[in-house]
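As structure tokens, the structure follows; a few thoughts come after it.
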Amino acid sequence: MVKYKSLTTYKKEDYLEIEILKYLQALRQPTTRQQLAEYLVKNVDTIPNDSMKYLKSRKTGKEYQPFMNRVGFALTSLYKAQLINHPKRGITVLTKLGYNIDVKNKKYIHQLVMKGWGKDN
């Protein structure tokens with residue numbers, strides 16, 4: 001079983017991309033980033049319940065949510081891979097490709113993401 005907290009930043013994003021796709025495929029309707037994050041924390045066993053907590057930046061002193069940053073990057077990657085779309089500000093939906101993709105094929109999803117970011121792999 002994956003231990004979310006022990007993953008690197010990039011591996012956390014990869015992991016969240018798959019979990020987001022699974023949720024959106026099951027939900028089959030638009031959702032917000034906040035609803036998505038709350039679902040992940042409450043329903044994905046490997047993500048700690050305290051993931052939504054705020055931390056204080058050492059550089060700026062401002063509070064932020066590291067988990068929401070990871071969710072944001074995962075959503076951006078899925079968007080660049082053309083697996084999700086944002087029909088309105090703050091709303092996320094699956095594209096046709098996103099509905100039909102096999103979430104078990106992590107390698108293919110990762111290839112789509114890397115292509116979307118303009119990287120070969």
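The values are calculated or read from the model by the stated rules, or taken from the named source; none is laboratory data. It should be emphasised that the depicted structure is a prediction, and the values quoted were computed from it without experimental measurement. Reconstructed Cβ throughout: ideal geometry from the backbone, glycine too, with neighbour counts over all protein chains shown. For accessibility, only protein heavy atoms count, side chains too; no ligands or nucleic acids. Shrake-Rupley method; radii C 1.70, N 1.55, O 1.52, S 1.80 Å.
Only helices enter the 222 nm calculation for the chain: every DSSP H run of n ≥ 4 contributes -39,500 (n - 2.57), and dividing by all residues gives -15500 deg cm²/dmol, rounded to 500. Backbone geometry of the stretch 54-61 corresponds, through the Karplus equation with coefficients 6.51, -1.76 and 1.60 at θ = phi - 60°, to 3J(HN,Hα) couplings of 8, 10, 9, 5, 5, 6, 9, x Hz, x marking Gly and Pro.
Going toward the positive end of the dipole of the chain, with +1 on Lys and Arg Cβ and -1 on Asp and Glu Cβ, which of Y64, A74, N105 do you reach last? So the residue we want is Y64. A 1.4 Å probe run over the protein chains yields, for the chain, 67 Å² of accessible area per residue, whole-number rounding. Among S77, S57, S6, the sequence by solvent-accessible area, most first, with a 1.4 Å probe is S6, S57, S77.
For the residue pairs K22/K88; K56/K96; K11/K115, alpha carbon separations beyond 28 Å are given by K56/K96. Of the chymotrypsin sites (Phe, Trp or Tyr not before Pro) in the stretch 1-94, the ones in a loop by DSSP (not H, G, I, E or B) with at most 12 other beta carbons within 10 Å are Y54.
For the chain, a crude dipole built from +1 on the beta carbon of Lys and Arg and -1 on the beta carbon of Asp and Glu, taken about the Cα centre, is about 300 debye to the nearest 20. Eigen-decomposition of the gyration tensor built on the alpha-carbon atoms of the stretch 1-96 gives equivalent ellipsoid semi-axes of 22, 16, 13 angstrom, largest listed first. Springs between Cα atoms under 10 Å define the GNM used for the chain, and in it the highest mean-square fluctuation of A74, A37, A26 occurs at A26.
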